[in-house]
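Okay, structure first, notes after.
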Amino acid sequence: MGKEVSFRPDQFIVSKTDKRGIIQYVNQAFMDVSGFVEDELIGKPHSVIRNAMMPRCIFKFFWDNIKQGKEFFAYVVNECKNGDYYWVLAYVTPDRDPQTGEINGFFSVRRVPSSHAITQISSLYAALCAEEAKHSSKVKGMEAGERMFMTALDKMGVDYHELVYGLENGEITL
């Protein structure tokens, strides 16, 4: 595992994908932080920057929501080209055809998350990854992680967006 890298609070990492998650656009901040160049990203699945510290069940939850056309905020840990990693607070929204309303793809704008949120969410994500790793298949692990995640939200009495908001503002401690 590499070292954690950061980016400036005034930087926004932006990307656009098609509806399958294939990258169509990245901004300069994306390339600067990740260490990839445009040709290494365009046409590739967004998962090219997936870090092993990121639970699969969170991505499933994420995709289940955005495929329904919902906007979504998520804490994501991404991997740089050199093996280092960086945390983001990602906001993802559908890109819709103006005439049909059909989802064509997704825009994602990512910014620096609060240090409180990362300290808290990294513990939860580590527990979810550990649960996923206990199972014989990725699918079973992801399902078990998702059950664990939903149980944790239920125990806290919040939905995921309330969790994100509360963590970002220092109102929730896990």
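The values are calculated or read from the model by the stated rules, or taken from the named source; none is laboratory data. Nothing here was measured: the structure is a model prediction, and the numbers come from that model. Here the Cβ is made from the backbone with ideal geometry for all residues, glycine too, and neighbour counts use every protein chain on show. Surface areas here come from the heavy atoms of the whole protein model, side chains and all, with no ligands, DNA or RNA. Shrake-Rupley method; radii C 1.70, N 1.55, O 1.52, S 1.80 Å.
So here's what we get for this one:
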quantity: D_trans [Stokes-Einstein, Kirkwood Rh over alpha-carbon pairs] for the range 57-156, 10 °C, 1.306 mPa s, µm² s⁻¹; calculated: 105 µm²/s
quantity: J(HN,Hα) series, the range 89-105, from Karplus relation 6.51 cos²θ - 1.76 cosθ + 1.60, nearest Hz, glycine and proline x; calculated: 9, 9, 10, 10, 9, x, 9, 9, 5, x, 8, 9, x, 5, 6, 9, x
quantity: With all protein chains modelled, accessible area of Leu153 [1.4 Å, Å²]; calculated: 10 Å²
quantity: Semi-axes of the equivalent ellipsoid for the range 90-139, Cα gyration tensor, largest first, Å; calculated: 32, 20, 5
quantity: Convex hull projection area averaged over all views, the range 46-108, Cα basis, nm²; calculated: 4.3 nm²
quantity: Relative contact order (%) - the range 35-174, alpha-carbon pairs under 8 angstrom, separation at least six; calculated: 22 percent
quantity: Separation in nanometres of the label points that stand 7 Å from Cα toward Cβ, at Phe12 and Glu38; calculated: 2.0 nm
quantity: Sparse-neighbour loop sites [GluC sites (Glu not before Pro); the range 120-174; at most 12 other C-beta within 10 Å; DSSP]; calculated: Glu171
quantity: Assigned charges on the beta-carbon of Lys, Arg, Asp, Glu; the chain dipole about Cα centre (debye); calculated: 400 debye
quantity: Base-10 log of normalised Debye intensity for the range 1-101 (one unit scatterer per alpha-carbon) at q = 0.17, 0.22 Å⁻¹; calculated: -0.80, -1.34
quantity: Hz values of 3J(HN,Hα) by residue in the range 163-168 - Karplus curve (6.51, -1.76, 1.60), Gly and Pro given as x; calculated: 4, 4, 4, x, 5, 5
quantity: Calculated [θ] (222 nm, deg cm²/dmol) that DSSP helices of n ≥ 4 give over the chain, each run adding -39,500 (n - 2.57); calculated: -12000 deg cm²/dmol
quantity: Of the GluC sites (Glu not before Pro) in the range 1-90, those whose Cβ has at most 15 other Cβ within 10 Å and which sit in DSSP loop; calculated: Glu71
quantity: Trypsin sites (Lys or Arg not before Pro) restricted to the range 127-173 and DSSP loop, no more than 12 other C-beta within 10 Å; calculated: Lys134
quantity: Projected-area mean, the range 20-62, by convex hull of Cα positions, square nanometres; calculated: 3.4 nm²
quantity: Per-selection Rg to Rh, the range 123-174 - Cα, Kirkwood hydrodynamic radius; calculated: 1.04
quantity: Volume per residue of the C-alpha convex hull in the chain, rounded to whole Å³; calculated: 125 Å³
quantity: Fluctuation leader among Val139, Val76, Val164 - the chain, Gaussian network, Cα springs under 10 angstrom; calculated: Val139
